[in-house]
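The values are calculated or read from the model by the stated rules, or taken from the named source; none is laboratory data. These numbers come from a predicted model, not from an experiment. We place every Cβ from the backbone using ideal geometry, glycine too, and count neighbours over all the protein chains shown. Please note that ligands, DNA and RNA were not included when accessible areas were found on the heavy atoms of the full protein model with its side chains. Shrake-Rupley method; radii C 1.70, N 1.55, O 1.52, S 1.80 Å.
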Amino acid sequence: MNTNVMTETAGDIVAENKPVTADTIAEQNADAYETVGNAFCDQAKMSMRNVNVFYDEKQAIYDVNLDIGTNEVVAMIGPSGCGKSTFLRCLNRMNDTIDICRVEGQFYLEDQDINDKKMDVVPLRARVGMVFQKPNPFPKSIYDNVAYGPRIHGLADRRSDLDEIVENSLQKAGLWAEVKDRLHQPGTGLSGGQQQRLCIARTIAVSPEVILMDEPCSALDPIATAKIEELIDELSQNYTIAIVTHSMQQAARVSHRTAYFHLGKLIEVNETEKVFTNPDHELTEAYITGRFG
Amino acid sequence: MTDKPLKTIDRVNRTLGKRHRAEKRFRLYGMLSIGFGLLCVLFLFTNIIGKGLNGFTYHFLELQVELDRETLEITDITNENQILAANYSGVVKRSVYEFFEAQGRKNKASARKLIATEGTGYILQGRLKENAEDLVDTQTTVWALVDDKVDFYLKRLGDPGEPGKHEFNEQQLQWIHEAVEAGKLKRKINWAFFNAGDSAHSEEAGIRGAVMGSFYLLLVTFCLSFPIGVSAAIYLEEYAPKNKWTDLIEVNINNLAAVPSIIFGLLGLAIFLAFFGLPRSTPLVGGFVLSLMTLPTIIISSRAAIKAVPPSIRQAAYGLGASKMQVTLHHVLPLAMPGMLTGTIIGLAQALGESAPLLMIGMAAFIPEIPAGVTDPATALPMQIFQWFRNADAGFNEKASAAILILLVFLIIMNALAVWARRRLERRW
C-alpha cells in the first residue's frame with residue numbers, strides 16, 4: 001500500500017465527516033496515532049495486530065491493535081461509520097462475502113492467524129459465531145433453526161443428541177420455557193426479542209468459543225433488550241464476547257472493557273468503568289458526554 | 001396585470017377547475033383502455049367458444065348392423081388380418097339402405113351419402129378387434145357418424161344467419177328430418193375427438209395426437225430448460241465474479257429473450273437436424289428448440305428470484321459456518337423456488353403456444369398416429385390448429401375452434417398453476 005495514497009484518503013475522510021466539536025484532534029491524528037489506555041491483556045482469546053481495512057480505495061480502519069481476553073465481554077462503541085462493525089466482521093471473516101472489502105493485518109484466535117487466506121472459514125465460523133443487528137431466523141421451525149448449525153457441522157450423531165443440543169441451547173438463551181411446546185412452529189412467528197434470542201441459541205448451538213454481536217438490541221424494545229443483556233452477562237461465564245453497540249448504557253452494563261472507535265481509528269480501550277467515568281482521551285469524553293455522535 | 005397582486009389561494013383556485021378536469025380525463029383514458037381490453041377478450045371468447053363448442057359434438061345415427069360372415073368376407077374369426085381387412089363399409093351401407101328403406105340405385109346412392117360409412121366402419125372394426133367371437137353373426141347397435149354435410153346442416157338449422165342452407169335433394173332432406181323426429185339422429189358428444197389422432201376426414205379427426213405431441217414437447221423442454229436455467233441463474237448470481245464477462249453474458253441472455261422464435265427454429269434445423277442428424281418432426285428436437293427459447297425466460301426470472309432472497313438469511317447461514325453450496329441449497333434455493341417455478345411455468349406456457357420454430361423442424365406434417373414417445377413423429381396443438389384452419393373443409397374449421405379451446409384451457413391451467421405455486425410455496429421472513 002502506498003502510504004501517500006493512504007494519508008490522502010484518510011485526510012479526505014476526516015475532511016468530509018468533520019465533527020463539529022472534536023475536529024481538530026481528529027485532523028491531528030490523520031496519519032499517525034496511538035491508542036490510549038490498555039488495548040492488550042494477558043489471557044487473550046483473540047489478538048488483532050495492525051489491522052487495516054479498505055473498501056476499494058477507501059480506508060475504513062487504520063492500524064488497530066486490540067486483544068479480547070478469554071471469557072471477557074468487550075464492547076465497541078463509537079459514532080456511525082467509525083468502523084466498529086467492519087472490525088467486528090473481520091473477526092470471523094464475514095467481510096469475505098463483500099467483494100470490494102480488503103482486510104490486512106494479523107488476527108490470532110489463540111495461536112492461529114485467521115486472516116491467512118489458507119484458513120478455511122467454515123471451521124473458523126464454527127469457533128467464532130455471530131449474532132446480527134436484525135433478528136434473522138431462517139424461515140424454518142424453531143427446532144430446525146437451532147439444529148441447523150449442529151447439522152451442517154455434523155455435531156450430533158443421533159436424533160437424541162440433536163434434541164439435547166437444541167434444548168440446551170434454547171435453555172442457555174433463556175427461550176426454552178417460552179417455546180418448548182411449539183418447537184416445530186416457524187421461528188419467524190416469534191416476537192422480535194424472542195427471535196433475537198433464538199438467533200443467539202442458534203449461534204451457541206455449535207458451541208463457539210467467541211460470540212460476535214453486531215448491535216444485537218437495536219431492533220428491540222427495552223424489555224427485550226434487558227433480557228438480552230441479562231443473557232450476555234450469563235453467557236460471559238462460558239464465552240468470549242465482542243459486542244458492537246450504539247447504546248452507551250448497554251456498553252456500560254454488559255461489558256468488562258470498552259473500545260472507542262472514531263473514524264476508523266481505535267482511540268481508547270479501557271476498563272468499562274473508567275471509560276464511562278474518567279476517560280483518558282478527549283474524543284472519548286466528547287462522545288460519551290454526548291457532544292457528538 | 002392589475003395593480004393589486006393576487007393572493008396565493010386565488011391563484012390556486014383559478015387553476016383548480018382545469019386541474020379537476022384533467023384529473024377526470026386522465027381517469028377516463030384508463031377506463032377506456034380497460035374497457036377496450038375487456039371488449040376484445042369478450043369478443044374473442046364468445047367467438048371462439050361459440051364456434052369451438054360445436055366442434056366437441058357431432059350428429060350420430062342409431063343403426064342396427066347385421067354382422068354376418070358373408071358380407072364381412074370373414075372366413076376365420078381367429079385370423080386377425082381378416083378382422084382388420086373385413087368389409088365393414090358393406091355391412092354399414094346395407095343397414096343404411098334398410099334404415100332409410102332406400103330402393104333403387106339412385107336412392108341408395110342418396111342414402112349412402114348421408115352417412116360416413118368409412119368412419120363408422122372403423123368403430124365396428126374396433127369392436128371386433130376386441131371381441132370377434134361374440135359379435136360375428138349377431139346384430140349390434142352402433143351410433144354411426146353422419147356425413148359432415150349433414151352435421152353442418154343440422155348444427156345450423158337454428159342459426160338465424162343462414163338457416164337451412166344445404167345441397168341435399170328432397171329425398172335426403174326428408175330422410176334427415178324423419179330420422180331426427182324419430183329420435184334416431186341425435187347430437188352427441190364426439191368422444192372420438194378426444195381419443196383419435198388427425199385424419200383426412202373431419203368427422204374422424206381428433207386432438208389426441210396433437211395433445212400428446214405437445215405434452216412430450218413440454219416434457220423435453222422442462223427436463224432440459226429447468227435444470228440448466230436454474231443452474232445458470234445460481235452460478236451467475238452466487239458464484240460468478242462481477243466483471244466484464246458476466247456483464248456480457250447477462251446482456252446476451254437478455255438479448256436471447258427478445259430473439260424472434262422462428263430464428264430458434266432455423267437454428268434447430270441447422271444444428272439438431274442437419275448437423276446432429278436427429279429425427280425430423282419429433283418432440284425431442286422440438287423440445288430442444290423450445291428449450292433454447294424458454295431458457296432466457298427461466299434464467300432471468302430465476303435470477304430475480306435469487307436476488308429477492310434477503311441478504312440477512314445468507315449472512316445468518318454464513319455466520320454459522322455454512323459453505324457456499326450449503327447456503328445456496330439450504331436457504332437460497334428453497335426461498336427462490338416459487339419465483340423460479342413461476343418463471344418456468346410462464347416460459348413453458350409460452351412454449352406451448354409457440355408454432356413458428358416447430359414449422360422449421362417439420363412438426364407441421366400430417367401425422368395420424370398418436371405419438372407414444374419423444375422420438376415418434378408428432379405435431380403440436382398450435383400446429384394442428386393452423387393445419388385445420390388452412391383446410392377448406394368446414395368440418396375442420398369447427399375442429400380448429402375446438403382445438404383452440406383446448407389450448408386455451410391448457411394455458412389457463414398452467415397460469416393458474418403458476419399462481420398457485422407462488423402462493424403455496426411462498427414463505428414469509
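For B:ALA257 and B:LYS244 in the same chain, what is the full-extension length gain: residue separation times 0.36 nm, less their Cα-Cα distance, in nm?
Stretched fully, the B:ALA257-B:LYS244 segment lengthens by 2.7 nm.
So, R0 is 60 Å and r is the distance between the beta-carbons of A:THR277 and B:SER231; what FRET efficiency does that work out to, to 0.05?
Computed FRET efficiency for A:THR277 and B:SER231 comes out at 0.50.
About its Cα centre, how strong a charge dipole does chain A have in debye, to the nearest 20, once Lys and Arg get +1 and Asp and Glu get -1 at the Cβ?
Taking the Cα centre of chain A as origin, the dipole is about 1000 debye.
Would you compute the Debye intensity of region B:332-429 from its alpha-carbon atoms alone, equal scatterers and no solvent, and pass along log10 I(q)/I(0) at q = 0.11, 0.16 Å⁻¹ to two decimals?
Each listed q corresponds, in turn, to -0.46, -0.79.
Considering the Cα trace of chain A, what is its radius of gyration and what is Dmax, both in angstroms?
Final numbers for Rg and Dmax: 19.5, 62 Å.
With a sphere of radius 14 Å drawn around the Cβ of B:THR379, what net charge do the other residues whose Cβ falls strictly inside it have (Lys, Arg +1; Asp, Glu -1)?
It works out to a net charge of 0.
With runs of 4+ DSSP H residues as the only contributors, calculate the mean residue ellipticity of chain B at 222 nm using -39,500 (n - 2.57) per run, divided by the residue total and rounded to the nearest 500.
For chain B, the value works out to -21000 deg cm²/dmol.
Suppose we keep just the DSSP beta bridges with both residues in region A:191-291; what percent of those would be antiparallel, to 5?
55 percent
Which value in deg cm²/dmol, rounded to the nearest 500, describes the helix-derived mean residue ellipticity at 222 nm for chain A, given -39,500 (n - 2.57) per DSSP H run of n ≥ 4 and division by the residue count?
Dividing the helical sum by the residues of chain A leaves -11000 deg cm²/dmol.
When the scattering of region B:208-425 is computed by the Debye formula from its Cα atoms alone, each counted once and equally, what is log10 I(q)/I(0) at q = 0.15 Å⁻¹?
Per q value, in the given order, log10 I(q)/I(0) is -0.97.
Which value results for Rg/Rh of region B:54-189 when Rg is the Cα radius of gyration and Rh the Kirkwood radius based on the inverse mean 1/r?
1.02
All other residues with a Cβ under 13 Å from the Cβ of B:ALA400 taken together, and with Lys, Arg as +1 and Asp, Glu as -1, what is their net charge?
Net of charged neighbours comes to 0.
Mind checking the angle between helix B:170-181 and chain B's longest principal axis? C-alpha axes, 0 to 90 degrees, to the nearest 10.
So the inclination is approximately 70 degrees.
Post the alpha-carbon centroid distance, region B:222-286 to region A:253-267, in whole angstrom.
Cα centroid to Cα centroid, the span is 54 Å.
Hey, what angle do you get for helix A:142-153 against the long axis of chain A, alpha-carbon based, 0 to 90 degrees rounded to 10?
So the inclination is approximately 70 degrees.
Angle, helix A:192-204 long axis vs. longest principal axis of chain A, Cα atoms, 0 to 90°, nearest 10?
Between helix and principal axis, roughly 90 degrees.
At a Förster radius of 56 Å, what calculated FRET efficiency corresponds to the Cβ-Cβ distance of A:GLN43 and B:ARG11, to the nearest 0.05?
Approximately 0.15, to the nearest 0.05.
Treat each spin label as a single point 7 Å out from the Cα along the C-beta direction, and report the B:LYS149 to B:GLN103 distance in nm.
If labels sit at B:LYS149 and B:GLN103, their model points lie 2.5 nm apart.
When you look at the Cβ of every residue in B:321-333, what mean number of other chain Cβ atoms sits within 10 Å?
4
Just the projected area, averaged over all directions, of the convex hull on the alpha carbon atoms of chain B: how many nm²?
37.8 nm²
Regarding the protein assembly as shown, what's the average projected area of the Cα-atom convex hull, expressed in nm²?
54.7 nm²
Tell me the net charge near B:ILE361. Cut-off is 14 Å between Cβ atoms, B:ILE361 excluded, with +1 for each Lys or Arg and -1 for each Asp or Glu.
0
Residues of region B:305-319 losing 50 Å² or more of accessible area relative to the isolated chain, 1.4 Å probe, heavy atoms only?
Residues of region B:305-319 that lose at least 50 Å² of accessible area once the other chains are added: B:GLN315, B:ALA316, B:TYR318, B:GLY319.
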